[in-house]
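K.L.:
One structure follows; several queries about it will come next.
The values are calculated or read from the model by the stated rules, or taken from the named source; none is laboratory data. In this text the structure is predicted, and so the values were computed from the model without any measurement. No Cβ is skipped: glycine too gets one built from the backbone with ideal geometry, and neighbour counts run over all protein chains shown. Remember, those area values only see protein heavy atoms, side chains included, never the ligands or the DNA or RNA. Shrake-Rupley method; radii C 1.70, N 1.55, O 1.52, S 1.80 Å.
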Amino acid sequence: MFCQVIVDLIHDRVAKPYTYCIPDGMHLDAGQRVEVPFGSRKLEGIVLSLLSEAPDGLMPEKIREVIGPLDDYPAVPAELMELAVDMARETHCPLAEMLRLMIPAEMRKGRIRARTERQFRLAVSEEKALAFIDQDRRKGKRSLIIRMMLDGKERSLREIRETVPNPEDALRKLISEGIVSERMAEVLRSPGSETDTSDHHFTLTSGQKEALEEILPALHGNQGAFLLHGVTGSGKTEVFMAAVRETLSLGKGAIILVPEIALTPQMVSWFRAKFGASAAVIHSRLSAGERYDEWRRIRRGEARLVIGARSAVFSPVSHLGLIVVDEEHESTYISDHRPRYDARDVAEKRCHREGATLILASATPSILSFARARRGDFTLLEMPERANHSHLPAVSLIDMRRELEEGNRSIFSRELKSAMRACIHHGEQMMLLMNRRGYHQFVSCRSCGTVIRCPHCDLSLTYHALPMGGRLKCHYCGYESLPPENCPSCGSRYIKFFGAGTQQVEDEVHKLFPGVRTVRMDYDTTSGKDGHQKALQPFRDGLAQVMIGTQMIAKGLDFPGVTLVGVIAADMTLNLPDYRSRERTFQLLTQVAGRAGRGQKSGRVIVQTYRPEDETLTYAARQDFRGFFEAEFLRRRHGLYPPFTVLSRVLIESEKDEIAEQAAEYLESEIRGLLLQHAEWQKKLLLINRSVPSVALLRGKNRRQILMKLLQGTESDEFIGAVTDLLEQTETRAEVRLEVNPVNMI
Ligand code: ADP
Ligand code: ZN
Ligand code: ZN
């Protein structure tokens, strides 16, 4: 027997399967991890397929032997193997690299092993054990241990220690007397479970019922793809839960993808409480051991439901029945380089191949998904009303230019201030969105206008107030420095701080309402294990009345006590130089507005802007998704933006500017060369240009880009594939990577 092995080495020259011989008596399956000789080294690999004969042209005696399997089961099940092969082909990515997505990183290079513990149990009959206790006049540790084992169950050393301190000597004696037996057994490191605090049983709303009436038959019929568009608070979670329950009862598995686990704590604890040990939760803050063990619980079929972020879409769930992508509009679902994938597309592919149902859900679907639903690729399910009959909050746009004209220089408009006062007076809660962390956005010189920048990035530094005094920080590379006393270019002492961040908003709230407790939710306050939970807790307990945060507070939080939402500077996202800035602004505002008035009392939303006439803000204020979609769809059609086109760029970075420039020049000519040979690609190309990206220096690297805009279509996919191969084969001294519809264009 022979097998084809993909060795775990990412290099253009080894991007093909190698044939190995399987020694007699060794049993291997496709998908199994093996150790193989490779040159003078030993490498890990994955069996791609088994062959009964050596492939043509290979002399059997020249073929080297597999050293041995690394696990006793295929780590990559057949469905995922096929998926990896397809994705590797489509994105021109080496299969070895794609396969790395399919197993926990910790498993490679033997960095982690199953944990084993000593387990003890009675080795004699109950009668004999009781007789021993009778004879033991001292009734010492040995009797205690025997007593706790009378039920015949196995006990770990840890469990025994809970009842009998320092049991080692006593155990040793019991074992040598043949009364207790010992073995090593595997234990799973569990990331801990939660109990549901709000055990509710709702009568489903008519919206929920109608959605389920369409979804349930699909689960039974093994196919279906839905876009669930439900306004904020329409009770989408309840629909997922019913769908999951049905899936599990059919003996199938389910995957629920969320943008980021830490931001959806409520949903996770609901699912954990409802589905207990059959639910596995995968997130970046698990320890390596926990992640590996959760993965194995899934692989063995002990966990039939997986909740996780983007990469959980590759979970080895067998008999897959359902994949839910919650908040499907979030850009965290996209991995825009190596291995490139969009978790929504992967979910769709898996469902299609494995006969499962797909549900994409959002209150603000992405333009792409909604367009596809309209085209008929997904069945559109709409839930236009809130589950508990509360109304969507009223949103007002406040013109900050007027505030300034009329002498209000505070970061809060008069209207927001009075609404905040009323909210606090009534003992209610509020959320304030400020999509920028730190205290001041930037620092600049009053005399010459110089903005203080990061020496490693072409970006301004943000001022952070810290207990030991303020510091300037770069939000991209982490560089920190003390604020200068003099301007670095003209020496002037007129250094000023501009623009607000979350810290300043918090400060202003404390000044306006002394004694009112606040929580701040941003990257700085939520790091570390359970950082989000800890930061949220005072607000959840009702001790804090004000939550201030970046966009992370817009997502999924369900606090019925919130009656007011204030958006301090709506223009911040709108002004980003990206064709998606309107879509993102609409999503952010609609989502954050949706946090208000979810309980008994109605909610109010105040959005501060310097452009109240802006169309996107107006649609967001009316929470009119359809209106926004139509306008934006037209604009994309006219401007030739995705989904009508594919935007891709080759990003070139080097510490030396001239190396970046040379590489960019060379690659551009090579790409143009490809186009000259292929008229059919040329026809699809709307634009190709080489330029300096909006951020010319990032993390100490000088940057160049070759931007390409293509009409959607198979020829364009081929062209992108050819560019990928070209980059792979070209040796340059710069770092080069291809991005397709990148998440951001800085
Ligand atoms: P969404 O994700 O659509 O914004 P959620 O799933 O968070 O909405 O639900 C919003 C709120 O409505 C939650 O507090 C939930 O407990 C409640 N809810 C959901 N379904 C029902 C129902 N059928 N009847 C009453 N309340 C419900
Ligand atoms: Zn100056
Ligand atoms: Zn920097």
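K.L.:
Per residue, how much accessible surface does segment 543-596 expose to a 1.4 Å probe? Answer in Å², no decimals. Write down the numbers at each step before the final one.
P.N.:
Details: 1350 Å² over 54 residues.
Per-residue value: 25 Å².
K.L.:
How large is the direction-averaged shadow of the alpha-carbon convex hull of segment 42-99, in nm²?
P.N.:
Numbers: hull surface 21.3 nm².
Mean shadow area of the hull around the Cα atoms is 5.3 nm².
K.L.:
To continue, here is another question. Segment 241-398: D in µm²/s via Stokes-Einstein (Kirkwood Rh, Cα pairs, 20 °C, 1.002 mPa s)?
P.N.:
Values: Rh = 16.6 Å.
The Stokes-Einstein estimate is 129 µm²/s.
K.L.:
Which value at 222 nm does the chain reach when only helices count, each DSSP H run of 4 or more adding -39,500 (n - 2.57), with the total divided by all residues and rounded to the nearest 500 deg cm²/dmol? It would help to have the intermediate numbers written out before the result.
P.N.:
Numbers: 23 runs with 249 residues, N = 746.
Computed mean residue ellipticity for the chain: -10000 deg cm²/dmol.
K.L.:
Quote the relative contact order of segment 438-567 in percent (integer), defining contacts as alpha-carbon pairs under 8 Å separated by 6+ residues.
P.N.:
On the way: 198 pairs, mean separation 26.5, N = 130.
Dividing the mean separation by the residue count of segment 438-567 yields 20 percent.
K.L.:
Cut-off under 14 Å on the C-alpha distance; same-chain residues fewer than 8 positions from residue 153 excluded. Which aspartates and glutamates are left, in chain and number order?
P.N.:
126, 182
K.L.:
With charges set only on the Cβ (+1 for Lys and Arg, -1 for Asp and Glu), what does the dipole of segment 557-705 come to about its Cα centre, in debye to the nearest 20?
P.N.:
Values: 23 positive and 19 negative charges, 108 e Å.
So the dipole magnitude of segment 557-705 works out to roughly 520 debye.
K.L.:
Probe of 1.4 angstrom, ligands and nucleic acids ignored: what's the accessible area per residue over segment 290-374, in square angstrom?
P.N.:
On the way: 2310 Å² over 85 residues.
Heavy-atom accessible area per residue stands at 27 Å².
K.L.:
Could you size up the charge dipole of segment 446-530 around its Cα centre, putting +1 on the beta carbon of Lys and Arg and -1 on that of Asp and Glu, and report it in debye to the nearest 20?
P.N.:
Working: 10 positive and 9 negative charges, 44 e Å.
Value, rounded to 20: 200 debye.
K.L.:
Whole number please: convex hull volume per residue, Cα atoms of segment 590-742, in Å³.
P.N.:
On the way: hull volume 25.8 nm³, N = 153.
Taking the convex hull of the Cα positions in segment 590-742, it is 169 Å³ per residue.
K.L.:
Once you wrap a convex hull around the alpha carbon atoms of segment 504-626, what is its projected area averaged over all directions, in nm²? Don't jump to the answer; show the numbers that get you there.
P.N.:
On the way: hull surface 35.1 nm².
Mean projected area for segment 504-626: 8.8 nm², to one decimal.
K.L.:
Further question on the same structure: Under 20 Å from the Cα of residue 62, which lysines turn up, not counting those fewer than eight places away in the same chain?
P.N.:
Hits, sequence-local ones excluded: 16, 42.
K.L.:
Let me ask something additional. Mean shadow of segment 646-736, computed from the convex hull of its alpha carbons, in nm²? Numbers along the way, then the final one.
P.N.:
On the way: hull surface 21.7 nm².
It is 5.4 nm².
K.L.:
Could you give the size of the charge dipole of the chain about its Cα centre, using +1 on the Cβ of each K and R and -1 on the Cβ of each D and E, expressed in debye and rounded to the nearest 20?
P.N.:
Details: 102 positive and 100 negative charges, 420 e Å.
For this selection, approximately 2020 debye.
K.L.:
From the gyration tensor of the Cα coordinates in segment 150-306, what semi-axes in whole Å does the equivalent ellipsoid have, largest first, with each one equal to sqrt(5λ)? Write down the numbers at each step before the final one.
P.N.:
On the way: eigenvalues 358, 55, 45 Å².
Semi-axes, largest first: 42, 17, 15 Å.
K.L.:
Follow-up. How much of the accessible area of the chain, probe 1.4 Å, is carbon plus sulfur, in whole percent? All intermediate terms of the calculation are to be shown ahead of the outcome.
P.N.:
Working: 17000 of 34420 Å².
Carbon plus sulfur share of accessible area: 49 percent.
K.L.:
Using Cα pairs closer than 8 Å and at least 6 residues apart in sequence, work out the relative contact order for segment 406-515, in percent.
P.N.:
Value for segment 406-515: 28 percent.
K.L.:
Out of all Cα-Cα pairs in segment 1-57, roughly what percent, to the nearest whole number, are more than 15 Å apart?
P.N.:
Result for the distance tail: 45 percent.
K.L.:
Can you work out D for the chain in µm² s⁻¹ from Stokes-Einstein, where Rh is the Kirkwood radius over C-alpha pairs, the temperature is 37 °C and the viscosity is 0.692 mPa s? Write out the running numbers ahead of the final one.
P.N.:
Details: Rh = 29.6 Å.
Reported coefficient: 111 µm²/s.
K.L.:
Oh, and also: Cysteines of the chain lacking any other cysteine beta carbon under 4.7 Å?
P.N.:
Here 3, 21, 93, 351, 423, 477 come out as lacking a disulfide-compatible partner, given the Cβ-Cβ threshold of under 4.7 Å.
K.L.:
Taking H placed 1.01 Å from N in the peptide plane, check which residues at least 5 places from residue 71 or on another chain put their amide H under 5 Å from its amide H.
P.N.:
Long-range HN contacts for residue 71: 33.
K.L.:
Separate question: So how much slack lies between residue 477 and residue 425, counting 0.36 nm per residue of separation and subtracting their Cα-Cα distance, in nm? Let's see the in-between values first.
P.N.:
Details: separation 52, 0.36 × 52 = 18.72 nm, distance 4.23 nm.
Net length gain for the segment: 14.5 nm.
K.L.:
If the reach is capped at under 12 angstrom between alpha carbons, list the aspartates and glutamates near residue 141, excluding any in the same chain fewer than eight residues apart.
P.N.:
Correct list for residue 141: 168, 169.
K.L.:
Using a/c under 1.5 as the rounded threshold, could you call segment 270-354 rounded, prolate or oblate? The axes a ≥ b ≥ c are square roots of the C-alpha gyration tensor eigenvalues, and prolate needs a/b larger than b/c, oblate otherwise. Working shown, then result.
P.N.:
Working: a/c = 1.60, a/b = 1.35, b/c = 1.19.
In terms of gyration-tensor shape, prolate.
K.L.:
Which of 713, 644, 608 sits farthest toward the positive end of the charge dipole of segment 608-734, with +1 on the Cβ of Lys and Arg and -1 on the Cβ of Asp and Glu?
P.N.:
The one lying farthest along the dipole's positive direction is 608.
K.L.:
Something else about it: Quick one: accessible area per residue over segment 410-495, 1.4 Å probe, rounded to a whole number of Å²?
P.N.:
49 Å²
K.L.:
Let me ask something else about it. Would you mind giving the three semi-axes, in whole Å and largest first, of the ellipsoid equivalent to segment 234-273 according to its Cα gyration tensor?
P.N.:
Values: eigenvalues 72, 26, 16 Å².
Each semi-axis is the square root of five times an eigenvalue, giving 19, 11, 9 Å.
K.L.:
Tell me, how many Å apart are the Cα centres for segment 236-293 and for segment 348-363?
P.N.:
16 Å
K.L.:
As an exercise, take the mean of 1/r over every pair of distinct alpha carbons in segment 53-190, invert it, and state the Kirkwood radius in angstroms. Don't skip to the end; give the middle numbers.
P.N.:
Details: mean 1/r = 0.0504 Å⁻¹.
Its Kirkwood hydrodynamic radius stands at 19.8 Å.
K.L.:
On the Cα set of segment 321-477, report Rg and Dmax in Å, please.
P.N.:
In order Rg, Dmax, the Cα atoms of segment 321-477 give 23.0, 67 Å.
K.L.:
Along each of the three principal axes of the Cα atoms of segment 620-668, give the extent in whole Å, ordering the values from largest to smallest.
P.N.:
Projected onto the principal axes, the Cα atoms of segment 620-668 cover 50, 22, 11 Å.
K.L.:
Provide the net charge surrounding residue 641, with neighbours chosen by a C-beta distance below 13 Å and charges set as Lys +1, Arg +1, Asp -1, Glu -1.
P.N.:
That works out to +3.
K.L.:
With label points built 7 Å along Cα→Cβ from the Cα atoms of residue 374 and residue 109, find their separation and express it in nm.
P.N.:
For residue 374 paired with residue 109, the spin-label model returns 4.9 nm.
K.L.:
Taking 2.2 N^0.38 Å as the expected size of a compact globular protein, what ratio does the Cα radius of gyration of segment 570-672 give against it, to two decimals?
P.N.:
1.55
K.L.:
I would also like to ask the following. Measure out, as a whole number of angstrom, how far apart the alpha-carbon centroids of segment 455-484 and segment 554-617 sit.
P.N.:
28 Å
K.L.:
Now for a separate question. For segment 469-567, which semi-axes, largest first and in whole Å, follow from the square roots of 5 times the eigenvalues of its Cα gyration tensor?
P.N.:
Details: eigenvalues 199, 56, 26 Å².
For segment 469-567, the ellipsoid semi-axes come out as 32, 17, 11 Å.
K.L.:
Over segment 657-746, what relative contact order in percent results from Cα pairs under 8 Å that are six or more residues apart? Working shown, then result.
P.N.:
On the way: 80 pairs, mean separation 28.1, N = 90.
Contact order relative to length: 31 percent.
K.L.:
Of 496/529; 473/656; 555/601, which ones are farther than 28 Å apart at the Cα? It would help to have the intermediate numbers written out before the result.
P.N.:
Values: 496/529 36 Å; 473/656 24 Å; 555/601 21 Å.
Listed pairs above 28 Å: 496/529.
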